[in-house]
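The values are calculated or read from the model by the stated rules, or taken from the named source; none is laboratory data. It should be emphasised that the depicted structure is a prediction, and the values quoted were computed from it without experimental measurement. Positions of Cβ are generated from backbone atoms using ideal geometry, with glycine treated the same way; all protein chains shown enter the neighbour counts.
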Amino acid sequence: MARPARIYIAAAEPSGDALGAELIDALRARDPGVQIAGMGGTQMAARGVVSPFDISELSVFGLLDGLRIVNLVHERAQEAAEAAATFGADAAVLIDSWGFMLRLAWKLKARAPQIKRIKYVAPQVFAARRGRARALADAADYLLAIHPFDAEYFEPYGLETTFVGNPALARDLSGDGAAFRARHAIGADEEVLLMLLGSRRSELERLFAPFAAAASRLAEARPQTRLVTVLSPAVADQARAMIAAEPALSRLIVTESRERLDAFHAADAALACSGTVTLELARLGVPTIAAYRLGWITWAIARFILMKAKYISLVNIAADEMLIPEYVQMDCTGDRLAGAAYAMLEDARGRAALSERLRETTQMMAGEGGDPAGAAADAVLALTR
């Protein structure tokens with residue numbers, strides 16, 4: 001009798017942790033005997049896959065931030081490769097997090113070449129750094145893509161690619177906005193603006209000042225607007241300390257991730273760190289302003305050398321239109337964010353029309369889809385047989 005499949009799953013940031021948790025559920029649903037080990041965050045740990053180290057130390061973005069932890073990245077990648085080899089993995093699923101997962105793929109290839117290296121979520125070469133397609137093809141055996149157009153960038157280099165669908169477009173996003181408002185004493189007719197600071201420490205640290213400045217200006221211009229934030233577990237303690245020390249945020253309603261979807265359903269609009277959350281808000285039809293800041297050297301390289309896309313938000317890229325206003329780098333200031341939020345909140349009719357466009361665009365992006373985690377699990381299990 002053949003032994004059960006052994007799958008090592010690696011996630012290095014909260015969005016990857018969510019993907020890993022969904023993949024674990026789908027694998028076990030298809031093969032109850034499957035054995036799973038790996039590294040990840042709280043959601044994977046809740047399924048019994050406990051990381052030997054805190055992945056938040058790896059969750060950075062940008063050239064300089066990456067350089068500061070390069071030794072740690074190599075150390076953790078080597079630890080993960082050793083763990084996968086010791087576990088006797090048939091396959092290793094490397095989720096998102098380009099810099100770390102590329103190094104982990106290299107180390108797996110050197111330490112245990114018999115382990116199939118499966119990259120889950122392609123680097124966004126359609127937007128920047130086309131050379132990553134060749135690099136991934138050299139390092140990985142297989143790609144599970146979340147965009148239908150990914151294959152055309154990777155298959156020319158010999159990397160077999162399967163489109164599984166975008167999990168962010170298939171997740172259950174149901175929530176109770178009325179219950180959220182009741183718990184936090186927010187009237188049914190009061191406006192709610194979400195202020196979402198990101199899930200990485202670097203995002204929190206770079207966006208906190210402009211978001212706080214925007215909150216201060218909005219408090220003066222629209223005192224009736226209720227401001228709400230939902231903290232990512234990866235940065236919750238640091239964010240709470242920063243918020244407590246900022247007088248402009250004294251009226252901010254601070255909530256934890258367990259109230260996340262209820263808060264989304266309670267929102268009239270959102271100001272959010274650009275990322276997966278903007279896609280989720282778009283699915284719910286929440287008019288959103290996206291903000292982002294990089295280190296200046298990273299930004300200069302990205303802006304003038306690497307960037308190929310007109311937009312940074314996937315919804316805008318898919319629609320080829322600025323449905324989600326983007327305030328990046330020098331445009332990401334308290335005045336501009338407050339002005340954009342003020343204009344959005346003032347225009348109820350415009351918000352309603354935008355809400356419909358956002359829903360339509362995300363439905364188009366989902367395609368026929370249905371069960372991305374299940375499709376990914378099928379592909380992984382097939383590779384272990």
Residues that are in a helix (DSSP H, G or I) and either of a type in the set (Lys, Arg) or touching a strand residue (DSSP E or B) at 6+ places or on another chain (Cβ under 9 Å) (or both), drawn from region 262-283: 262, 263, 264, 266, 277, 278, 281, 282, 283
Do any helices (runs of 4 or more DSSP H) lying entirely in region 290-369 carry at least 1 residues that are at pLDDT below 85 and more than 15 Å from residue 271 (Cβ to Cβ), and which ones are they? 296-301, 314-319, 348-366
Residues to consider are 134, 117, 103, 129; find the one that is within 18 Å of residue 317 (Cβ to Cβ) and not hydrophobic (A, V, I, L, M, F, W, C). 129
Filter region 139-173 down to the residues that are of a type in the set (Asp, Glu) and in contact (Cβ under 8 Å) with a residue 12 or more places away in the chain, then identify the one that is surrounded by the fewest Cβ atoms within 10 Å (Cβ to Cβ). 160
So how many residues does region 199-213 have that are of a type in the set (A, V, I, L, M) and closer than 16 Å to residue 232 by Cα? 2
Restricting to region 157-179, and then to whatever is part of a helix (DSSP H, G or I) and at pLDDT 95 or above, can you tell me which residue is nearest to residue 362 (Cα to Cα)? 177
For region 182-197, pairs from a residue that is in the same structural domain as residue 266 (by TED's automatic domain parsing) to a residue that is at pLDDT below 95 and of a type in the set (Asp, Glu), with Cβ under 9 Å and 6 or more apart or across chains, are 197/203
Neighbours by Cβ (under 9 Å, 6+ apart or cross-chain): first from region 253-273, modelled with pLDDT under 95; second among the small types (Gly, Ala, Ser): 256/236; 257/232; 257/236; 273/198; 273/199; 273/290; 273/291
Is it the case that some residue within region 197-218 is within 22 Å of residue 285 (Cα to Cα) and among the small types (Gly, Ala, Ser)? yes
From the set of residues in region 52-105 that are of a type in the set (S, T, N, Q) and part of a helix (DSSP H, G or I), which is modelled with the lowest pLDDT? 56
Any residue in region 260-278 that is surrounded by 22 or more Cβ atoms within 10 Å (Cβ to Cβ), on the phi > 0 side of the Ramachandran plot and not hydroxyl-bearing (Ser, Thr, Tyr)? yes
For region 312-335, give me each residue that is surrounded by 15 or more Cβ atoms within 10 Å (Cβ to Cβ), charged (D, E, K, R) and without any contact (Cβ under 8 Å) to a residue 40 or more places away in the chain. 331
